[in-house]
Amino acid sequence: MSLQRSIIKIYNIMTKNCFKFTKELRERKGFSQAEISKKIGISRSSYIAFEQGKVELSLCQAKKLADFLGISLEELRGGVMPNYAKYKQMILAFLRNSSSDDGKITKTKLAKLLYLADFTWFYKHLESMSGMSYRKIKYGPVPDSYFRAIDEMFEDGTINVDNTKNDAFMISETDSGKQEKLSELNAEEKTIIDNISKKWKDKRTQDIVKFTHEQLPYLICEDDEIIPYGLITQEDPDHVY
């Protein structure tokens, strides 16, 4: 199968996830198909066909649907709700695996480690570890919520954020943060995080940035675009993390 056809197949898989996810979320929130169809301006039969994966919505209709369900358009497309609490525990897990004497990781390197954990988990299980949507920006793939998570964890006293003379923000776990249990992470997820930490423990921030920039998911997407998880399945096994 050609790379182009493989990527098309991946997008189709993600679309199927979107249909199933939309139906489950609608039912969880207690909305009828008639209510949704009226809200986004299509017939009930057309909406039923959408949930069955037989038709697609226009961008405008998809945006209205996402707004009505209280999620982002990226979350609708990805077909998964992010686990924000789990994502914060992933941050703590990587900080606890830090190999530096002072237990600090640069803010940029930490973001890349989290990306590798999520996409490695998808490579193995066809689902994200945290459910976060990663965007292609200048310094690499990162969720929009990453910066908010760091700010919130700093404000609640679970992490420290120090600015060095080189303008690099260094992240470390506080004594309070060390008391938190990583209950959202299972044993296999912790092992993945541990393995990724070990591989990159002696590497510079520039090294991991270069690595993630050279991966297929980052290379193939446009600037500021949400990176489809499925693209990682086309990556060489030795180049996943």
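The values are calculated or read from the model by the stated rules, or taken from the named source; none is laboratory data. Bear in mind the structure is a predicted one, so any value in this text is a computation, not a measurement. Heads up, the Cβs are rebuilt from the backbone with ideal geometry, glycines too, and the neighbour counts pull from every protein chain shown.
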Single match in Ser172, Ser176 (criterion: touching a strand residue (DSSP E or B) at 6+ places or on another chain (Cβ under 6 Å) and over 22 Å from Lys124 (Cα atoms)): Ser172
All positions within segment 41-54 that are farther than 12 Å from Thr22 by Cβ and surrounded by 14 or more Cβ atoms within 10 Å (Cβ to Cβ): Ile42, Arg44, Ser46, Ala49
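So that you can scan it fast, the table gives a plain yes or no per residue for (1) at pLDDT below 95; (2) surrounded by fewer than 15 Cβ atoms within 10 Å (Cβ to Cβ):
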{"site": "Asp162", "(1), (2)": "yes, yes"}
{"site": "Leu182", "(1), (2)": "no, no"}
{"site": "Thr191", "(1), (2)": "no, yes"}
{"site": "Ile196", "(1), (2)": "no, no"}
{"site": "Lys201", "(1), (2)": "yes, yes"}
{"site": "Pro217", "(1), (2)": "yes, no"}
{"site": "Asp224", "(1), (2)": "yes, yes"}
{"site": "Ile227", "(1), (2)": "yes, no"}
{"site": "Val240", "(1), (2)": "no, no"}
Residue in segment 73-84 that is aliphatic (A, V, I, L, M), surrounded by 18 or more Cβ atoms within 10 Å (Cβ to Cβ) and within 18 Å of Glu24 (Cα to Cα) present: yes
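For segment 115-123, does any single residue satisfy the condition of being more than 15 Å from Ile227 (Cβ to Cβ) and either surrounded by fewer than 22 Cβ atoms within 10 Å (Cβ to Cβ) or under 16 Å from the mean Cα position of the chain (by Cα) (or both)?
Taking segment 115-123 first, the residues more than 15 Å from Ile227 (Cβ to Cβ) are none.
Within segment 115-123, not a single residue is more than 15 Å from Ile227 (Cβ to Cβ) and either surrounded by fewer than 22 Cβ atoms within 10 Å (Cβ to Cβ) or under 16 Å from the mean Cα position of the chain (by Cα) (or both).
Condition check: closer than 17 Å to Leu182 by Cα and in a helix (DSSP H, G or I). Does Gln61 satisfy that? Reasoning before the result, please.
On the way: closer than 17 Å to Leu182 by Cα: no; in a helix (DSSP H, G or I): yes.
Judged against the criteria, Gln61 is not a match.
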Near pairs, Cβ below 8 angstrom, 6+ apart or cross-chain, from segment 22-39 (at positive phi) to any residue that is in a loop (DSSP other than H, G, I, E, B) and of a type in the set (Gly, Ala, Ser): none
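Filter segment 198-228 down to the residues that are of a type in the set (Ser, Thr, Tyr) and within 18 Å of the chain's Cα centre (by Cα), then identify the one that is farthest from Ala117 (Cα to Cα).
Taking segment 198-228 first, the residues of a type in the set (Ser, Thr, Tyr) are 205, 212, 218.
Retained after the next criterion (residues that are within 18 Å of the chain's Cα centre (by Cα)): 212, 218.
On the way: Thr212: 12, Tyr218: 15 Å.
If we take residues in segment 198-228 being of a type in the set (Ser, Thr, Tyr) and within 18 Å of the chain's Cα centre (by Cα), then Tyr218 is farthest from Ala117 (Cα to Cα).
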Condition met for Ile36 (more than 21 Å from Pro143 (Cβ to Cβ) and not in a helix (DSSP H, G or I)): no
Leading residue by the ranking (surrounded by the fewest Cβ atoms within 10 Å (Cβ to Cβ)) among those in segment 55-72 that are more than 18 Å from the chain's Cα centre (by Cα) and among the polar types (S, T, N, Q): Ser58
Pairs where the first residue, in segment 196-225, is closer than 17 Å to Pro237 by Cβ and the second is surrounded by fewer than 18 Cβ atoms within 10 Å (Cβ to Cβ) and of a type in the set (Asp, Glu), C-beta under 7 Å, 6+ apart: Gln215/Glu235; Leu216/Glu235
Options Asp144, Asp194, Asp224: the member that is charged (D, E, K, R) and at positive phi: Asp224
